[in-house]
Amino acid sequence: MTFFANIYELISEWGPNLMGGLAASLQIAVGGYILGLLIGVSGALGKIYGGPVLKWSLEIYTTLIRAVPELVLILLLYFAGTQLLSQAFMAMGYGRVDISGLAAGIAVLGFVQGAYSTEVMRGAILAIPKGEVEAGASFGMGSFKIFHRIMIPAMLPLALPGLANLWLIITKDTALLAVVGYEELALVTRQAAGATRYYLEAYIVAGAIYLAVTLVSNQLFKLAENRVTRGRKSLASGGA
Amino acid sequence: MGEWYWLPDYGWRFVEGIWVTLELLGIALFFGFLLAIPIGLVQVTGPRWLGAIARGYCTMIRGTPLLIQLWLLYYGLGSLFPYFPELRNSFIWPILREAFPYAAFAFILSVAAYEGHIMRGAFASVPKGELEAARAMGMGRFTVLRRIWLPRAIQNVLPTLAGEAVLTLKSVPLASTITIFDVFGVGGIVRQETYRIYEPLIFVGFIYLLITAVLVVLFRWLENRVPSANRA
């Protein structure tokens, strides 16, 4: 069948490029995810324990980001962010700097994910029984130790399904960076499709790669979920 | 705050863009939900092979970016049609040449998968006793579905469906990558013709905020009309 012959030809010619695209996508996804988590944890703590000004600014951040399409945000932050940053560097006398697409992509996707992360984390932190935190304090633990030893283990089982979901979303959202011309998997696929003229086959291959990433991630998160819900089997079976 | 002199010139095009966006959203949500009902249902009650197909479909669509699906349909499938000369002369050829049907189709398929996944959980969450009671009252299987199972399932997941609707709205700008001029696409025209980068994007973002707000209010109104499972 010509279909499979075309796919074989496509993979043998463009395989390395596609894998390079996948690597770029994953790099951005991992970086953005970690940045999103950091924003999420601090945002959630700020929303719960912060003063009114902090609470309100975080509320505006999460509401705005979650109501505006990712594509608009990516264009806006990608262009505006890189321009503002290089202007700032110019003003400080460092001369022109080029912000790498990788850094910009990670920053943009991380900033967007941070809004969703904040909500996931907030829900999980609020669900921690107060007594556990107080017990930690009464043992003389400092606030960092309480966070690290008590809050994180208590909230992870609740947060993990949401966090897994966010990871799947960010791996798929990396494809949006194709629109600003960043060479990740979707853009490389587009180039491969244009060069070989095997449009259908190229997008099917790309879809299969993304699907493989999703399926592998699902398995890994299932393992992680089993681990953090040790001794809480009722919770684990209640989740997705 | 920026320069907005271009806004009056493009006002009407933005209105058209909003219409295209709403049209795509409406079509996607309506037909997507119609497909989601059987997709969810067969995973709960249907023959095993049908459930497996539905589950595979959900996994496939939910596991790949919508952008890739869109390009697969428009560039991939669209590139095959010219090889069939019979199609060229048929009445559907004018439709196949437009970008809009491909976008609508892609969004419908996507909504069907995401909401199908939600509906599976919704159907499964309706207490068995209620369905058995309905059967005992002499309702046929289809009547049970129409009068008890489906309404109860929707009632449970209406807030989730509302969230899904907002997510769908936010994915409509992807259609602009296949030459459709939705709000985002019109913003792109302004950007190209006036060389203003931020103002059109901010304006598009603002329109989206408004549409999202309307959508949220609409669903809240719907939720209030449906007696909630907790209050009943």
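The values are calculated or read from the model by the stated rules, or taken from the named source; none is laboratory data. Keep in mind the model is a prediction, meaning the values are calculated, not measured. Here Cβ is always computed from backbone atoms with ideal geometry, including for glycine, and neighbour counts include all displayed protein chains. Just so you know, the surface numbers come from the protein's heavy atoms only, side chains and all, with ligands and any DNA or RNA stripped out. Shrake-Rupley method; radii C 1.70, N 1.55, O 1.52, S 1.80 Å.
Residue by residue through segment A:80-105, note down the ones that are within 25 Å of A:Q27 (Cα to Cα), open to solvent by 40 Å² or more (accessible area, probe 1.4 Å) and assigned to a helix (DSSP H, G or I). Residues satisfying the conditions are A:Q83, A:L84, A:L85, A:L102, A:A103. Residues in segment A:165-209 that are of a type in the set (F, W, Y), over 20 Å from B:S176 (Cα atoms) and out of contact with any Leu (no Cβ under 7 Å at 6 or more places or on another chain): A:W167 only. For segment A:164-210, the candidate set comprises residues that are open to solvent by 40 Å² or more (accessible area, probe 1.4 Å), at pLDDT 90 or above and among the β-branched types (V, I, T); within that set, the residue that is nearest to A:G105 (Cα to Cα) is A:I169. Open to solvent by 10 Å² or more (accessible area, probe 1.4 Å) and at positive phi: which single residue out of A:G123, A:G140 fits that description? Going through A:G123, A:G140 in turn, just one is open to solvent by 10 Å² or more (accessible area, probe 1.4 Å) and at positive phi: A:G140.
If I filter segment A:45-53 for residues that are open to solvent by 20 Å² or more (accessible area, probe 1.4 Å), farther than 21 Å from A:I146 by Cβ and within 14 Å of chain B (Cβ to nearest Cβ), do I get at least one hit? Checked segment A:45-53: no residue is open to solvent by 20 Å² or more (accessible area, probe 1.4 Å), farther than 21 Å from A:I146 by Cβ and within 14 Å of chain B (Cβ to nearest Cβ).
Examine segment B:58-71 for a residue that is without any contact (Cβ under 8 Å) to a residue 24 or more places away in the chain, assigned to a helix (DSSP H, G or I) and more than 17 Å from A:Y210 (Cα to Cα), and state whether such a residue exists. No, segment B:58-71 has no match at all. Of all the listed residues (B:V216, B:V172, B:V204), the sole one being assigned to a helix (DSSP H, G or I), farther than 25 Å from B:W12 by Cβ, within 12 Å of chain A (Cβ to nearest Cβ) and among the hydrophobic types (A, V, I, L, M, F, W, C) is B:V216.
In summary, helices (runs of 4 or more DSSP H) completely within segment A:114-208 and bearing 1 or more residues that are over 23 Å from A:G101 (Cα atoms) and away from every other protein chain (no Cβ under 14 Å) occur at A:130-138, A:143-146, A:152-173.
One residue stands out among those in segment A:218-231 that are in a helix (DSSP H, G or I) and touching a helix residue (DSSP H, G or I) at 6+ places or on another chain (Cβ under 6 Å): the one that is farthest from A:W14 (Cα to Cα), which is A:V228. Going by what's in this entry, would A:L77 be described as open to solvent by 50 Å² or more (accessible area, probe 1.4 Å) and within 17 Å of the chain's Cα centre (by Cα)? For A:L77, the condition - open to solvent by 50 Å² or more (accessible area, probe 1.4 Å) and within 17 Å of the chain's Cα centre (by Cα) - is met. Note on segment A:60-101: residues that are away from every other protein chain (no Cβ under 14 Å) and modelled with pLDDT of 85 or more amount to 0.
Applying the selection to segment B:56-85, what residues are of a type in the set (S, T, Y) and either within 9 Å of chain A (Cβ to nearest Cβ) or within 21 Å of the chain's Cα centre (by Cα) (or both)? I'd like the intermediate steps shown before the answer.
In the first step, residues of segment B:56-85 are kept if they are of a type in the set (S, T, Y); the result is B:57, B:59, B:64, B:74-75, B:79, B:83.
Scanning segment B:56-85 gives B:Y57, B:T59, B:T64, B:Y74, B:Y75, B:S79.
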